[in-house]
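The values are calculated or read from the model by the stated rules, or taken from the named source; none is laboratory data. Everything quoted here is computed from the prediction, not taken from an experiment. Heads up, the Cβs are rebuilt from the backbone with ideal geometry, glycines too, and the neighbour counts pull from every protein chain shown.
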Amino acid sequence: MENVSTPKHASFCEYLRLDQVIFNLKATDKIQALEELLDVLVKLNYIKNKKPVLTRIIDRERLVTTAIGHGIALPHARLDTGGDIAVVVGRSVAGLDFEAVDDKKVHVIILIVWNPSIPGLFNHLFAGLAQFLIKPGFRDRIFNARSKKELHKILCEIELTLLSSEDKIISRAGLLWKLQKIEMQKKKAAKAKKKELQKQANLIRDELDDALLERFDKLMERYGFAVAELEDGACQGCFINVATGMSSAIEGSDDIYVCENCGKYLVAIKKAK
Ligand SMILES: [Zn+2]
């Protein structure tokens with residue numbers, strides 16, 4: 001359901017005040033950085049207790065890294081902290097190891113905590129951020145900002161637009177692939193392990209569209225798997241070649257496609273690290 005009160009366009013800075021920016025993070029590793037960022041949210045009364053938020057963010061980070069490459073990470077947690085959404089941005093000159101998809105160090109962290117009662121807002125925020133962060137010129141300006149004020153000003157240029165549930169969010173293919181892995185493990189797991197896997201699955205399910213999940217569950221039930229990889233132009237679910245245009249679109253992307261032949265979700269093949 002669409003929230004009528006949500007504006008069509010919003011500046012990112014409606015969620016990010018100047019005091020929610022750390023120009024020079026002291027942290028030398030990922031966990032320290034997350035703590036330093038959360039301390040700001042505690043200080044500004046966005047969250048009361050740092051510990052549960054930190055745990056949620058780390059759990060989520062362990063599943064699939066939120067470091068989207070090019071020196072940027074978007075750690076996040078869906079958690080009721082009383083408010084709607086809490087954002088904090090930190091910059092690290094030395095860079096931090098975030099197990100990024102491109103193995104590059106992370107220099108800018110945008111941390112987001114959002115209330116489960118407003119799932120749509122998070123997708124808008126994420127997709128809006130991605131549209132700006134994908135531009136090399138925009139990233140360079142963020143990295144080259146000379147002061148906290150300047151950094152904040154640049155981030156304020158990010159415009160968030162209302163998107164429909166059909167729109168893409170970052171790492172969807174990676175998340176769906178991971179979900180399938182967890183669901184498969186769950187089938188064979190012992191009771192205690194099953195519980196842990198269910199927790200992980202729920203974290204991922206929180207971020208995906210209902211329609212997508214419904215189809216995913218149906219495919220899992222029917223075939224035992226729902227997501228197939230594309231290898232050498234062929235769907236590994238049915239071993240039939242997909243159209244060349246579709247094949248090149250899937251390769252190197254993190255978007256989800258559907259195989260026209262067998263109906264399974266198609267993702268780009270994941271290279272082992
Ligand atoms: Zn297929």
Inset, instruction - Please go through segment 205-242 and pick out each residue that is without any contact (Cβ under 8 Å) to a residue 40 or more places away in the chain, in a loop (DSSP other than H, G, I, E, B), hydrophobic (A, V, I, L, M, F, W, C) and within 12 Å of the ligand (Cβ to nearest atom). - result: Cys238, Phe239, Ile240, Val242
Legend entry - Index of the failed condition, Lys194 passing every other in (1) in contact with a helix residue (DSSP H, G or I) (Cβ under 8 Å, 6 or more places away or on another chain); (2) of a type outside the set (S, T, N, Q); (3) not in a helix (DSSP H, G or I): (3)
Inset, instruction - Kindly indicate whether Gly174 is more than 15 Å from the ligand (Cβ to nearest atom), within 17 Å of the chain's Cα centre (by Cα) and either modelled with pLDDT under 90 or of a type in the set (A, V, I, L, M) (or both). - result: yes
Inset, instruction - Having 1 or more residues that are at pLDDT 85 or above and acidic (Asp, Glu) is the bar; report the helices (runs of 4 or more DSSP H) wholly within segment 69-156 that clear it. - result: 136-144, 148-155
Inset, instruction - Give the number of residues within segment 243-268 that are more than 10 Å from the ligand (Cβ to nearest atom), of a type in the set (Asp, Glu) and free of Cβ contacts under 8 Å to residues at least 40 places away in the same chain. - result: 1
